[in-house]
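Any read-out appearing in this document is the output of simple, stated calculations on the displayed coordinates, not a laboratory observation. Computed from a prediction, not measured in an experiment: that's the story for all the values here. Neighbour counts are summed over all protein chains in view; Cβ atoms, including those assigned to glycine, are modelled from backbone coordinates with ideal geometry.
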Amino acid sequence: MKWGFVASCVVLVLVVALGVYVRIAPSDPARWHQMPDGITNRDYDGGAMRVIGAGQNGLERLHEIILRSPRTEVLAGSPDEGMITYVSRSRVFGFPDYITVRQAGPQLELHGRLRFGKSDLGVNAARIDGWLQAFAQG
């Protein structure tokens, strides 16, 4: 019975340590503030990509919408630079997702991806689609 208690304590400590690491792990802008080539409208296991027509001031409008999202903040960039990367964290565990938005002429390109794990269970696609729906409504 003592070993069961010790094992339970060890597991609990590991879970807490992992939770703390996920929340405090530094986000390196040099790694995450990038946009891959070939952005298309697609979902994949760890994220989503979208391209929409938005006009020349689309990034500024979308930026305002994104900043109203809970647990979301700017990691790097600005509307003036033409590209912004956001960190958005899950409510319970604080898992970070990185979403980069770039103004490419009259289009906006969005790329959301997870940092930890292999699948985001569609969270990035749903988040991006929600932002784009709010953007379309004006």
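May I ask you to verify whether Glu64 is under 22 Å from Ala134 (Cβ atoms) and over 14 Å from the mean Cα position of the chain (by Cα)?
yes
Of all residues in the range 1-33, exactly one satisfies the criterion of being of a type in the set (D, E, K, R) and in a loop (DSSP other than H, G, I, E, B), namely Asp28.
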